[in-house]
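Have a look at the structure below before the remarks.
The values are calculated or read from the model by the stated rules, or taken from the named source; none is laboratory data. Just so we're clear, the structure is a prediction, and the values are computed from it rather than from any experiment. Note: ideal-geometry Cβ built from the backbone for every residue, glycine included; neighbour counts use all protein chains shown. Note: accessible area is taken over every heavy atom of the protein model, side chains too, but ligands, DNA and RNA are not part of it. Shrake-Rupley method; radii C 1.70, N 1.55, O 1.52, S 1.80 Å.
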Amino acid sequence: IGLWAIVSMKLHTLTILPSVKQGGRLCVSGPYRVIRHPMYTAVLLLLLGLLINNYSYIGLIVFVVVLVDLLVKMNVEEKILLAHY
């Protein structure tokens, strides 16, 4: 899912921080047709698989921290994209 999302979005438009690049377009192809945040989904599925495969309290804490971080990032990104598009 993550690689498909990267290919659909084009590598040069990827950023770590949620922002709109100059001249950027909203991606609505590939997995973005179905999933609002496919890269975040891919990260969470990978971490969940690792957690299930090798459960530990540290792994659970890492998963929860990443989940909360991505939820906050999604909310910020949604506001930015709604204002721009």
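Observations on the structure shown:
- Close pairs (8 angstrom Cβ cut-off, 6 or more residues apart or separate chains): of a type in the set (A, V, I, L, M, F, W, C) in the range 44-63, not in a helix (DSSP H, G or I) anywhere: LEU45/ILE1
- Residue in the range 72-84 that is of a type in the set (D, E, K, R) and in contact (Cβ under 8 Å) with a residue 40 or more places away in the chain present: yes
- Taken over the range 1-24, the criterion of being of a type outside the set (S, T, N, Q), part of a helix (DSSP H, G or I) and at pLDDT 75 or above is satisfied by GLY2, LEU3, TRP4, ALA5, ILE6, VAL7, MET9.
- ILE61 meets the stated requirement of being part of a helix (DSSP H, G or I) and either open to solvent by 100 Å² or more (accessible area, probe 1.4 Å) or of a type in the set (Asp, Glu) (or both).
- Candidate set: the range 28-50, residues that are assigned to a loop (DSSP other than H, G, I, E, B) and under 21 Å from VAL72 (Cβ atoms); chosen: the one most open to solvent (accessible area, probe 1.4 Å): ARG36
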